[in-house]
Amino acid sequence: MEEIMARESGDRSYPIWLLVNPKHPAVRYYIWTPVLAEIQDKVYRQIHRRIDTTHIYIRNVVREIGMVANTLNWWGADVEAEIEAFRELVLEHKPKIIVTFGAFPYEFMRRVYELQPLKGPKYWSTARLKEEFEGSIENFDMSQTNRIPLLRRVVESGKFIEGHNNFCNEDVEDYFCYVGDKIAEKIIENKDGFNNWI
């Protein structure tokens, strides 16, 4: 059973934000933790620094599990209000990186930024999220908020899901290494604009 998470934790002024589906709060541990370990490892090996992660801002995409969209194009007025509220937060605090986990948080983020066309959460297959991830890395820019989509589920019954191989470039490449290395490369390239070092 998934744990219940507070609506938000961390510091809104921190440059890294995580946007989580309240149905799947454990992604902070079984997706983000191994990705962050890869980021920290590569950053340390390349520039001998570690990112201070003590204040990463983590937020449930909506306040209640029942608000999570569950059909192709259904987004109720209550979700629209959540989108507006999050848009105000983003405009006020201007994080450098917002990481989303899975389809619903990613489409929510697209709507926060008014990206067209609108898609339902079922549109976002692993292959499409991979394209979006690669685009976010290719267009990474520390002068704006970088929206980075990650998968919500990578391991099932102790085996990598089929989508893992669709996301990574090689069958043998580990998802966590793949995305962690890509994100780390951008942080290293922009180390002077990223001031949250230990």
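Sequentially through the stretch 49-54, phi angles give Karplus couplings (6.51, -1.76, 1.60; θ = phi - 60°) of 10, 10, 6, 6, 9, 5 Hz, Gly and Pro residues having no value and appearing as x. Here K96 is the anchor, and the lysines within straight C-alpha reach of less than 18 Å, apart from those fewer than 8 places off in the same chain, are K182, K186, K191. Residues whose amide H falls under 5 Å from that of N146, counting only those 5 or more places apart or on a different chain, are I97, I98, with hydrogens built in the peptide plane. Amide H contacts under 5 Å for L151: G102, restricted to partners 5 or more places along the chain or on a different chain, H placed in the peptide plane at 1.01 Å from N. Separation of the stretch 9-66 from the stretch 100-128 is 19 Å, based on Cα centroids.
Readers should treat all values here as calculations from the given coordinates under stated rules, not as data from a laboratory. All of these numbers come straight from a predicted model, not from anything done at the bench.
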